[in-house]
Amino acid sequence: MNFSLWLDDKEFTLNLEEKVKNDILVSLGKREYHVLVEFLRSDEILLNIDGKIHNVIINSNSSSHSVYVNGRFFKIEKKSVSEILGRKGAKPKKRDVKTSMPGRIVKVFVEEGEEVKEGQAVLILEAMKMQNEIKSPQPGIITKINPAAGDSVEAGSLLFSVE
């Protein structure tokens, strides 16, 4: 599963690949980390990252996440793509949404040419025995929707484009 993160206006891609339950390979750029996860409570986990233990507590609200790592505080704000890029009200460009892992399309909620809102569910992808709701990263029109319900997709496959 791929995530885009921004730090000081620079985008980073984080890839998470679960090898077995609670055993994750994390890739950030050219670096890879082996992470074992132990869930202590609903808001607290222990991460064993390449043999080093980290205690993580996460409290979330509608606008941010408060994250404590070994007692050190980090605030992570939730922002739209337009806000991150400093273009409030600007029309975002075409975005291709691809899958980071193989899976099967369970359901498609929209059709090509349909208007979607940012965060609106476009389809459900079943991967690693979990159903993941794949949402539109921005408001716009679905210009291409590649798979149909029941189709299998490979890692890196285009799911849909929104413009």
Practice prompt. Principal axes first, then extents: for the Cα atoms of the chain, list largest minus smallest coordinate on each axis, whole Å, largest first.
Written response: 48, 37, 31
Fill in: the range 2-77: radius of gyration over Cα atoms, expressed as a fraction of 2.2 N^0.38 Å
1.16
Worksheet, complete the sentence: Given Cβ charges of +1 for Lys and Arg and -1 for Asp and Glu, the option among A149, V20, V56 whose Cα lies farthest towards the positive end of the dipole of the chain is V56
Practice prompt. Would you mind checking the pairs K98/K135; K30/K75; K98/K144; K52/K129; K107/K135; K19/K135 and listing those with alpha carbons more than 20 angstrom apart?
Written response: K30/K75; K52/K129; K19/K135
Worksheet, complete the sentence: For the chain, averaging the sequence separation of alpha carbon pairs under 8 Å that lie six or more residues apart and dividing by its residue count, the contact order in percent is 15
Worksheet item: Roughly how many whole Å is it from the C-alpha centroid of the range 118-163 to that of the range 46-67?
Response: 28
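Every number here is computed from the coordinates shown, using simple stated rules; none is lab data. This one's a predicted model, so the numbers in the text were calculated from it and none came from an experiment. A quick note on method: Cβ atoms are made from the backbone with ideal geometry, for glycine too, and the neighbour counts reach across all protein chains shown.
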